[in-house]
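What follows is a single structure, written as structure tokens, with notes after it.
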Amino acid sequence: MGEKKDIRNLSLEELIDFCSANKLPKFRAKQIWEWLWKKRAVSFEEMTSLSKDMRELFNSNFNINATKIHKAERSVDGTIKYSLQLHDKLLVEGVLIPSKNRLTACVSSQVGCSLACEFCATGTLKLERNLTAAEIYDQVFILNEEAISNFEKPLSNIVFMGMGEPLLNYNALLKSIHFITKEEGLGMSPKRLTVSTAGISKMIIKLADDEVRFNLAISLHSASNSKRDILMPLNQKVKLEELRDSVQYFYDKTGSRVTYEYILFKDLNDSVEDAQKLVQFAKASPCKINIIEYNTVDDLPYEKASNKVTENFIKYLEEKKLIVNLRKSKGKDIAAACGQLVNKLK
């Protein structure tokens, strides 16, 4: 017999077919489905509503490739970074970020990343593989349990801004979001979810055509092609003009305004001219802009812009009637902040 299949890779219809082939009633498939997704059973032994014979039948045919916490580090500001171990011993990182009014989980979509953005620690890793929908869902389920355990309240927001490019793992991403947002899983509102992309324009168009209801964020970091070519090699293939067209299409189809994420780097993208180009780009369709403080990454040459330059940059954008938020970094002391996720634990 070959390697057993992860039962969570089956659809409900496939699970029903397996039950029928083994002379089990259809409702058993639905019971197992609930154990897998709503209760997140990590073994068939936990499925106490099934007989011992049934549990053995499933155990002999399938695996449950569950994710588990490998290590947790707590920051002085309350942020907790988790190293999460997958069934094949590979590691990804997730972060639990408390703030005054919200409790946010930052989750990964790939092991490593293929985009090699110049300023990002994850970009120094090679892409090992995509995560399955179940592995993405596991992170959210685990971090929700950790939120309740550590902060006595569930997650209020989820951001797909961890390791990897979510839109290069499109099908697993959308399947995981299905279980995060539907009653058969965690039942969260899609409006509390944000998917962050480096700007894969054809996949942004696909999101629009699929009429997704979650929020979309674009890691922009420069509205100049020549500068973005350096910062984000993806821009050498997908120029700003193409990206802007896909964002306009997304807004027209969904009515949802995107958020542009813009890290201010000292003497690179923080001038008045850079602000002018950003205004020009952002005016194409309704949007919000998050200005993000850069977090130093070992062995990378970039520095954060000064507080004064940051204030002036934001002031200019606001004068042009753009909605702007300054995102202060959290978890810097444990390398859990934006762009710092790189698993050094083996």
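The values are calculated or read from the model by the stated rules, or taken from the named source; none is laboratory data. Values in this document were obtained by computation on a predicted structure and should not be read as measured data. All Cβ positions, even for glycine, are placed from backbone atoms using ideal geometry, and neighbour counts span all protein chains on display. Please note that ligands, DNA and RNA were not included when accessible areas were found on the heavy atoms of the full protein model with its side chains. Shrake-Rupley method; radii C 1.70, N 1.55, O 1.52, S 1.80 Å.
Here LEU96 fulfils each of the conditions (1) part of a loop (DSSP other than H, G, I, E, B); (2) at pLDDT 95 or above apart from (1). When TYR316 is tested against (1) outside any helix (DSSP H, G or I); (2) modelled with pLDDT of 95 or more, exactly one condition is not met: (1).
Taking the range 86-118 as the range and being open to solvent by 30 Å² or more (accessible area, probe 1.4 Å) and either of a type outside the set (Val, Ile, Thr) or farther than 20 Å from LEU193 by Cβ (or both) as the test, the residues that pass are HIS87, ASP88, LYS89, LEU90, SER99, LYS100, ASN101, ARG102, SER114, ALA116, GLU118.
Applying the condition of being more than 19 Å from the chain's Cα centre (by Cα) and surrounded by 15 or more Cβ atoms within 10 Å (Cβ to Cβ) to the range 251-269 and asking which residue is farthest from THR310 (Cα to Cα) yields LYS253. The selection criterion, being at pLDDT 95 or above and outside any helix (DSSP H, G or I), does not hold for TYR249.
Within the set TYR137, TYR170, the sole residue that is within 19 Å of ARG8 (Cα to Cα) and in contact with a Phe, Trp or Tyr (Cβ under 6 Å, 6 or more places away or on another chain) turns out to be TYR137. Taking residues in the range 3-30 that are closer than 24 Å to THR67 by Cα, and partners anywhere that are surrounded by fewer than 18 Cβ atoms within 10 Å (Cβ to Cβ) and among the charged types (D, E, K, R), the pairs with Cβ atoms closer than 8 Å and at least 6 places apart or on different chains are LEU12/LYS30. A search for C-beta distances below 6 Å between a residue of the range 64-78 that is among the hydroxyl-bearing types (Ser, Thr, Tyr) and any residue that is crowded, with 16+ Cβ neighbours inside 10 Å and in a strand (DSSP E or B), counting only pairs 6+ apart in sequence or on different chains, returns THR67/LEU84.
For beta carbons closer than 6 Å, sequence separation of 6+ or different chains, a first residue in the range 131-148 that is more than 12 Å from ALA105 (Cβ to Cβ) and a second that is open to solvent by 10 Å² or more (accessible area, probe 1.4 Å) and assigned to a helix (DSSP H, G or I), the qualifying pairs are THR132/ALA172; ALA133/ALA172; ALA133/LYS175. Every residue in the range 253-284 that is assigned to a helix (DSSP H, G or I), touching a residue at least 24 places away in the same chain (Cβ under 8 Å), more than 24 Å from THR296 (Cβ to Cβ) and of a type in the set (D, E, K, R), please. Answer for the range 253-284, where residues must be assigned to a helix (DSSP H, G or I), touching a residue at least 24 places away in the same chain (Cβ under 8 Å), more than 24 Å from THR296 (Cβ to Cβ) and of a type in the set (D, E, K, R): LYS253, LYS277. Only residues that are farther than 24 Å from ARG192 by Cβ and open to solvent by less than 40 Å² (accessible area, probe 1.4 Å) were counted across the range 123-151, and they come to 1.
Answer with yes or no whether LEU300 is surrounded by fewer than 18 Cβ atoms within 10 Å (Cβ to Cβ), at pLDDT below 95 and in contact with a helix residue (DSSP H, G or I) (Cβ under 9 Å, 6 or more places away or on another chain). Judged against the criteria, LEU300 is a match. Residue count for the range 218-239 under the criterion of being under 23 Å from ALA208 (Cβ atoms) and open to solvent by less than 10 Å² (accessible area, probe 1.4 Å): the result is 6.
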